[in-house]
Each structure stands twice: as structure tokens, then as C-alpha cells.
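What follows is a set of notes on a single structure, which appears directly below.
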Amino acid sequence: MPLAAERQERILAAVRKHGMVRLSDLVAQLGVTAVTVRRDVTLLADRGLVQRVHGGIALPHRAQAAQLREGVPGAYGPMATRALVGMVVPSVEYYWPPVIQGAHTAVAAAEGRLVMRASRWEDPAEDRRQVSALLERGAQALLIAPATTGDGAMELLRWLRSLTVPVVLVERRPPQELATLALDAVMTAHALGAGLAVRHLVTLGHRHVVLITTRQSPTSKALRAGWRDAVRMLDLPSHDGLDIEVPSYGAPGWAAAYTEVLERSRDLGARALLVHSDREAIGLIERGRELGIGVPHDLAIVTYDDEIGAASDPPLTAVRPQKHRLGMLAAELVLAKVADVGDEWPVHRLELWPNVVVRESCGTEPKPQTV
């Protein structure tokens, strides 16, 4: 057992690092009894080096921000209030602003503060650096969309699980290799969303649905899985060669690539496209117009995301992830974890279904094919 002075120095180091530390976590870290930890904490508090807060201790100058109380209702029970919640996202553009805004709404409703840091796509080292900065800032809970593939991702996820503050993954789940890693997660059911799009097009009479994805899209894998499952479940004809990757709209070579996709689809008799994302769908409409392929009369298009689908010409039927709602629920979950001081908290893996918003881009039945 470490000596009292050594224990108290380790307690202070933990508080300096994390801003607020739970007493139960100190018991586990120090390998001593709860009585011993309470005695050490009392001595440190009497000397003015720490201050007691709900469920733990904090540095005196952070204590006002760290004072947590329960009572604000949330989707998962009472939420802690006045908490500092850190959030790490891979980008502050395109998909992520509504997610961030949703999280901010929930944290603000609980009288807390959300502090956001931007990382980089699939960069475990940068993710860890940003999380460490937030912990130094005094974050008492974390929302993060971490890297889940590539070198260092497994180590990053294990490290996140070891932190003494609650962590909720956003739009990410641990990979199969870490299927039993006890990390909470809130995500969109992207594969199901692709299946909803295929089914909508089938109800309009289409039997071949081309999947178009961009090469750098992190959502492509889930969409591809959902598209394949729907094709199999609906007993559609072979879709070999109908899963196509294209450059982003506006990237070098995009126009030629989109023309090739449209001509290939026409040659194969495919008159329906599921496209990720809106920009690429709009680019395909533009190229189709120049080739004499009209939407929706000659070609039906469903986009995945619905960032700007309503402003397209024609307006795009879209599968719309509930991004704002997802951010809100992730924040409510992590605040409920902060407020819960028991040891019986179950792991939560929540999936939100996206919605299908029907507009004009696939509103007619496919034209009869000429033999």
C-alpha cells in the first residue's frame, strides 16, 4: 500500500490532470479502501488543496464550475448540471455542425458548457492530443468521434475506455476486434438508411439501384452493407458492377467520371441511383442534363445526407440522418453518466433511424425499356 504522502500526491496529480475526479475512481487507482481515500481527501481539503464536489473532488479554482447537481430530466434519467463537456469531432464542416449544435443545445439546457475541438479524419494521435487538451481544460465528460481504423486506433479506443471521466462515442462504434469494449455510443443506422432508399426506389418499380459513393467517405462502408443486404432481401437481379466510387464533385476529373457513371448505368438498364452525398447527386444531375438524361423522367436519384438536397433542381429525395437529435442524445447520455454515481450503469449503444424525405428527384415510375 502506498504511503499517505504518496497517495495524496497521486490524488493531486489526478485532479490536476482531469479537473474533477470521482472518489470511486481514486479507490480503484490507488488500490486502497474507500475509507482511506476519504481520509486522504479530508486532509487535502482541510489544507485547501482540493474542494469536495458532487461525487468527487476538484481543484479549488475549478470547484465552482465542477459543482454538479442532479435533477434536470433527460432521455436517460437525471442529468448533471453546470458540467464542462468536451467534444472532439473530425471536422467542423459539412456533416458535423448540426451534430455539434445538438450537443450544445442539450449541454446548455443543463446549465453546462460545451467545449469543442476539431481533430482530423482517422488520426488517432491527433484525437488523443485533443482529448488530453480538453482534460487539461477541466472537461468532466467527453463526446468524441474517434478514429476506429488504421494504426493506433485500437490503442486510442482502449485509452478512452480507461479515462476516469464518462466518454460517449458519436457516430462511431468500436470495431469487431473490440466488440466487447465497454464504451457507450450514439450513432446513425446508416446501413438501414441505405436499405430504406433501395426499398423506396423498388416501390416505384425500379429493379436495379446503382450505389454511388465518394472515395473518402467514412460512411461508405455502412451504406454499401445496407445496399447489398436490401438487394439480397428483396431478391433483386444481380447488382454486380453497380457499386461505383467517384471523385468528389468539383475534384479533378469529376466531370468525366460522372459522365462515365451515367453512360454505364444507361447501358446496363439501371434507372435509379443512390448517391452519397448531396453534392455528388447534384453533380450527376448536372452531367445528366448535358447528356440529355432528365431527372426524374429518365433517371431517379436518392441522395444520402440531405444537407442541401431541397435546393437542388429538381429537389432531391433524400435519406436524412437526424444529426441534431443525435448530438442532443449523445450529450444527454454523457451528462446522465456524470450524474450517476453508482456502479450499475449499463453500456448504451443507441442507433437512430434516418428519415426518407420524398421530393421530386425520383417521383415518377421508370420509363419502359425499349428492347
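Read-outs: derived from the displayed coordinates by stated rules, not from any lab. Computed from a prediction, not measured in an experiment: that's the story for all the values here. Counting neighbours? That spans all protein chains shown, and the Cβs are built from the backbone with ideal geometry, glycine included.
Computed values, structure above
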{"item": "Whole-number Å³ per residue for the convex hull built on Cα positions in the stretch 216-343", "result": "148"}
{"item": "Mean separation of Cα contacts under 8 Å, 6 or more apart, over the residue count of the stretch 4-64: relative contact order %", "result": "37"}
{"item": "Likely footprinting exposure, S312, S24, fewest C-beta neighbours within 10 Å first", "result": "S24, S312"}
{"item": "Whole-Hz couplings from phi, Karplus 6.51/-1.76/1.60, listed for the stretch 84-100; x for Gly and Pro", "result": "9, 10, x, 9, 10, 10, x, 7, 10, 10, 6, 5, 7, x, x, 5, 4"}
{"item": "The stretch 270-283 - phi-based ³J(HN,Hα) in whole Hz, Karplus 6.51/-1.76/1.60, Gly and Pro as x", "result": "8, 10, 9, 10, 10, 10, 10, 9, 4, 4, 5, 4, 5, x"}
{"item": "Neighbour-count order for D340, D278, fewest beta carbons within 10 angstrom listed first", "result": "D340, D278"}
{"item": "For S91, distant residues with modelled amide H under 5 Å away", "result": "S119"}
{"item": "Residues whose placed amide H lies under 5 Å from that of R82, excluding near-sequence neighbours", "result": "E111, G112"}
{"item": "Mean Cβ neighbour count within 10 Å, used as a protection proxy, ranking 228-238, 83-93 highest first", "result": "83-93, 228-238"}
{"item": "Nitroxide proxy distance, nm - points 7 Å out along Cα→Cβ at A125 and R10", "result": "3.1"}
{"item": "Column: log10 I(q)/I(0), Debye, Cα scatterers of the stretch 67-170, q = 0.10, 0.13 Å⁻¹", "result": "-0.27, -0.46"}
{"item": "Rounded to the nearest 20 debye, dipole of the chain from Cβ charges on Lys, Arg, Asp, Glu", "result": "1120"}
{"item": "Neighbour-count ranking [beta-carbon atoms within 10 angstrom, fewest first] of H276, H348, H190", "result": "H348, H190, H276"}
{"item": "Relative contact order (%) - the chain, alpha-carbon pairs under 8 angstrom, separation at least six", "result": "18"}
{"item": "Compactness of the chain as Cα Rg over 2.2 N^0.38 Å, two decimals", "result": "1.20"}
{"item": "Percent breakdown of C-alpha pair distances by 5 Å bin, ordered from the shortest bin, for the stretch 4-64", "result": "4, 21, 37, 27, 9, 1"}
